[in-house]
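The values are calculated or read from the model by the stated rules, or taken from the named source; none is laboratory data. Not measured: the values here are computed from a predicted model. Note: ideal-geometry Cβ built from the backbone for every residue, glycine included; neighbour counts use all protein chains shown. When the accessible area is computed, the model is the full protein with side chains, heavy atoms only, and any ligands, DNA or RNA have been set aside. Shrake-Rupley method; radii C 1.70, N 1.55, O 1.52, S 1.80 Å.
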Amino acid sequence: MPYDPTYHAFPGVAKIRAVIARERPDVLEVHSPYMGAIAALGASDHDFGVRTFRWHSDFLDTYAQVFAWAVEGRFPRLAKLLPSPLRVVRPAWGLVRRLAQGMDATLVASRSQRTKLEGHGVARVHHVPFGVDVTQVDEITRVARRAELTMGRPGPLLVGVGRFAVEKRWDVVLEASRRLLPTLPHTLVLFGDGPERARLERAAGSHVRFLGFEKDRERLFSGLAAGDALVHGCPCETFGLSIAEALAAGLPVVVPRAGGAFDLADPTASETYEPLDASACAAAVRRLLGRDREELGRAARAFAGALPSHEGEIDALRALYTDLLGARPAPRLASRNPRM
């Protein structure tokens, strides 16, 4: 894709349908509202048991909001004349409703997304949170990792994890960090990569470290456990996996009051702020750092422990798919299982 080459589109709809016809899956799970959905919706009813849609990206509202942010940044006067981006895309929700109508279920990972989809008239929405496992990091490893990440700089260690893209609003995190720096020396470590990385690096101060995409899960979790706070800027998460993983590592979080991130903001282990407000973000970081770190860590792990584990997520999906398959008309299931 032009903006981010790590994302790809499926041009071969016929080839996808041929694979579906050959594999004859019990569950045909659609993860894309674009070519993948077109291919799946055109598949023969005899080639699968049930068809589901995983709502990974809040693509209508998010992309409209990104466009509005871009206009506001470059043409602030014009932005005041334009209608609300959420109002502009409201008719497009009809496409989502028609897409979901062709599915036996639409799966979302957060409560806020379920509320949104149901509010737009999307049928058969099921809430299945992503799984996360609580990870303990011993004190020796945590101290050593902290020294490695801060490189000896004084003050708190703030951490950010995610994709460096426009909608993630890392500019808010960087600006909040910049405002804190004069009176609160600290290190900000960012794990991740994406199309905005070079621009963000140019805008960041010397106290900010960009460590790229960390493939080693143990090193990522030890980096999270070594920090004092995870700081997040995106108000349109569909779940917020990096936030859940931070909590699982015992790291309290600072997140905007919107989207899936806010769903994970338990008051015992977080502080929240008005979305896109860097000053409010900085104030929230100060509030969190003023609280007892050990107590916050225990609360973070306790909250994450109440979320499904990775195995728990799979068990929930298996149970849902079993129910859906059991509710399908017998002729469809019989027609697609000549091997049995």
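Considering the range 265-293 alone, what residues qualify as being of a type in the set (S, T, N, Q), surrounded by fewer than 24 Cβ atoms within 10 Å (Cβ to Cβ) and free of Cβ contacts under 8 Å to residues at least 40 places away in the same chain?
Residues satisfying the conditions are T268, T272.
If only one of T183, T135 is in a loop (DSSP other than H, G, I, E, B) and at pLDDT below 95, which one is it?
Going through T183, T135 in turn, the sole match is T135.
What residue, among those in the range 99-147 that are acidic (D, E) and under 20 Å from the mean Cα position of the chain (by Cα), is most open to solvent (accessible area, probe 1.4 Å)?
E118
Could you look through the range 200-244, keep only residues that are in a loop (DSSP other than H, G, I, E, B) and touching an Asp or Glu at 6+ places or on another chain (Cβ under 6 Å), and pick out the one that is nearest to T187 (Cα to Cα)? Spell out the reasoning first.
Kept after step one, since they are in a loop (DSSP other than H, G, I, E, B), are these residues of the range 200-244: 204-207, 211-216, 227-228, 232-240.
With touching an Asp or Glu at 6+ places or on another chain (Cβ under 6 Å) added as a condition, the list becomes 212-213, 236, 238.
Values: G212: 16, F213: 18, C236: 26, T238: 28 Å.
This residue is G212.
For the range 245-264, enumerate the residues that are out of contact with any Asp or Glu (no Cβ under 8 Å at 6 or more places or on another chain), surrounded by fewer than 24 Cβ atoms within 10 Å (Cβ to Cβ) and either of a type in the set (D, E, K, R) or closer than 28 Å to K215 by Cα (or both).
E245, F262, D263
Within the range 202-214, can you find the residues that are open to solvent by 70 Å² or more (accessible area, probe 1.4 Å) and within 22 Å of the chain's Cα centre (by Cα)?
Residue satisfying the conditions is F213 alone.
Restricting attention to the range 34-59, which residues are of a type outside the set (S, T, N, Q), part of a loop (DSSP other than H, G, I, E, B) and surrounded by 13 or more Cβ atoms within 10 Å (Cβ to Cβ)?
Selection gives G42, A43, F48, G49, W55, H56, D58.
Considering (1) basic (K, R); (2) closer than 23 Å to T6 by Cα; (3) surrounded by 14 or more Cβ atoms within 10 Å (Cβ to Cβ), say which one R199 fails and leave the rest.
Of (1) basic (K, R); (2) closer than 23 Å to T6 by Cα; (3) surrounded by 14 or more Cβ atoms within 10 Å (Cβ to Cβ), only one is false for R199: (3).
Can you tell me which residues in the range 238-290 are out of contact with any strand residue (DSSP E or B) (no Cβ under 8 Å at 6 or more places or on another chain), over 28 Å from F59 (Cβ atoms) and not hydroxyl-bearing (S, T, Y)?
Correct list: A249, G250, P267, A282, R286, G290.
Among the numbered criteria (1) modelled with pLDDT under 95; (2) closer than 19 Å to A109 by Cα; (3) surrounded by fewer than 23 Cβ atoms within 10 Å (Cβ to Cβ), which single criterion is violated by R217?
(2)
For the range 98-115, name all the residues that are closer than 18 Å to G131 by Cβ and outside any loop (DSSP other than H, G, I, E, B). Explain how you work it out, then say what you get.
At the first step, the residues of the range 98-115 found to be closer than 18 Å to G131 by Cβ are 107-111, 113-114.
Selection gives L107, V108, R111, Q113, R114.
In the range 71-79, is there at least one residue being β-branched (V, I, T), at negative phi and either modelled with pLDDT under 75 or surrounded by fewer than 18 Cβ atoms within 10 Å (Cβ to Cβ) (or both)?
Yes; the residues of the range 71-79 include at least one that is β-branched (V, I, T), at negative phi and either modelled with pLDDT under 75 or surrounded by fewer than 18 Cβ atoms within 10 Å (Cβ to Cβ) (or both).
For the range 10-33, give me each residue that is out of contact with any strand residue (DSSP E or B) (no Cβ under 8 Å at 6 or more places or on another chain) and either open to solvent by 60 Å² or more (accessible area, probe 1.4 Å) or in a helix (DSSP H, G or I) (or both).
F10, P11, V13, A14, K15, I16, R17, A18, V19, A21, R22, E23
Taking the range 148-180, which residues are open to solvent by 60 Å² or more (accessible area, probe 1.4 Å) and either part of a loop (DSSP other than H, G, I, E, B) or closer than 17 Å to R293 by Cβ (or both)?
Those that are open to solvent by 60 Å² or more (accessible area, probe 1.4 Å) and either part of a loop (DSSP other than H, G, I, E, B) or closer than 17 Å to R293 by Cβ (or both): M151, G152, R153, P154.
How do the pairs read when you match residues in the range 167-178 that are closer than 13 Å to S279 by Cβ with residues anywhere that are assigned to a helix (DSSP H, G or I) and among the β-branched types (V, I, T), using Cβ under 9 Å and keeping only pairs 6 or more apart or on different chains?
A176/V285; S177/V285
Given the criteria under 30 Å from E311 (Cα atoms), at pLDDT below 95 and not acidic (D, E), does P154 qualify?
So P154 does not fit the description; no.
I need the full set of residues from the range 225-244 which are open to solvent by less than 10 Å² (accessible area, probe 1.4 Å) and β-branched (V, I, T), in order please.
V231, I243
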